[in-house]
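To start, the structure under review is shown below, and the notes come after it.
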Amino acid sequence: MFRRRNDTDTAVAGSPAAPADGSTVITTGKGRPTPTRREAEAAAKARAKAPRTRKEQAAAKRRVRADEAQKVRTAMKTGDERHLLPRDKGPVRRFVRDYVDHRFSFLEIVLPLVLVTTVLTYSGSPALVRIGSTVMVAVLALIVMDVLTLRFRLRRELAKRFEGESVKGTTWYAVSRSMQMRFMRLPKSQVKIGEKLPERYR
């Protein structure tokens, strides 16, 4: 006589074993857990956000560029190293900016003086023309003296603080910043005139 199997008999060979704690695991046909509704909705939203057409990809690139530009503009005001332009990054360049900003330089007033002498030169009055020419010669002489003094003192400070590191381009970087009026300098000045600078910038 054959005996009928009941529910307590051994499961059919090849069927997955039930968990010991009695919980139910729902799996898909590939043996992976079925995603929850929340996970499925999140995946659908991610797929919907991903740019698919060429127009959408171009718009996404423009948004990325705009975000990067905004970060750079903010960094120019705050001095945040992470988002500065490559020419402004690094402890050497930060020290050069601080060194220029903590001292008063004659180069700051060069542009206004050049405008004044230009007006005098083209005024038509011989006396004013002579005054303008004299002022221009004096301005040029002071520019040369200020640039040489700045270069000498800056190189000395760089050698003391950054021994063995490349200082290529620092003179022009300092001079070009010095020739800008203080409120126009970017990145914005982080020190005041006469303020003592830190010994270490690393």
Inter-part gap, Cα centre of segment 135-154 to Cα centre of segment 87-120, in whole angstrom, is 12
To the nearest 0.05, the calculated FRET efficiency linking TYR122 and ALA159 through their beta-carbon distance, R0 being 45 Å, is 0.50
Mean Cβ-within-10 Å packing, highest first, puts peptides 135-142, 105-112 in the order 105-112, 135-142
Dividing the surface of the Cα convex hull of segment 64-144 by four yields a projected area in nm² of 7.9
Taking 0.36 nm per residue of separation between GLU199 and LYS89 and subtracting their Cα-Cα distance, the length gained on full extension comes to 37.8 nm
Placing one equal point scatterer on each C-alpha of segment 50-202 and summing with Debye, one gets log10 I(q)/I(0) at q = 0.11 Å⁻¹ equal to -0.60
Taking r as the C-beta separation of VAL64 and GLU41 and R0 as 22 Å, the FRET efficiency to the nearest 0.05 is 0.30
Other residues with Cβ under 12 Å from the Cβ of ALA159 give, with Lys and Arg +1 and Asp and Glu -1, a net charge of +2
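Here, each number is a calculation from the coordinates, and none is a lab measurement. As the structure is a computational prediction, the values presented were derived from the model and not from experiment. Positions of Cβ are generated from backbone atoms using ideal geometry, with glycine treated the same way; all protein chains shown enter the neighbour counts.
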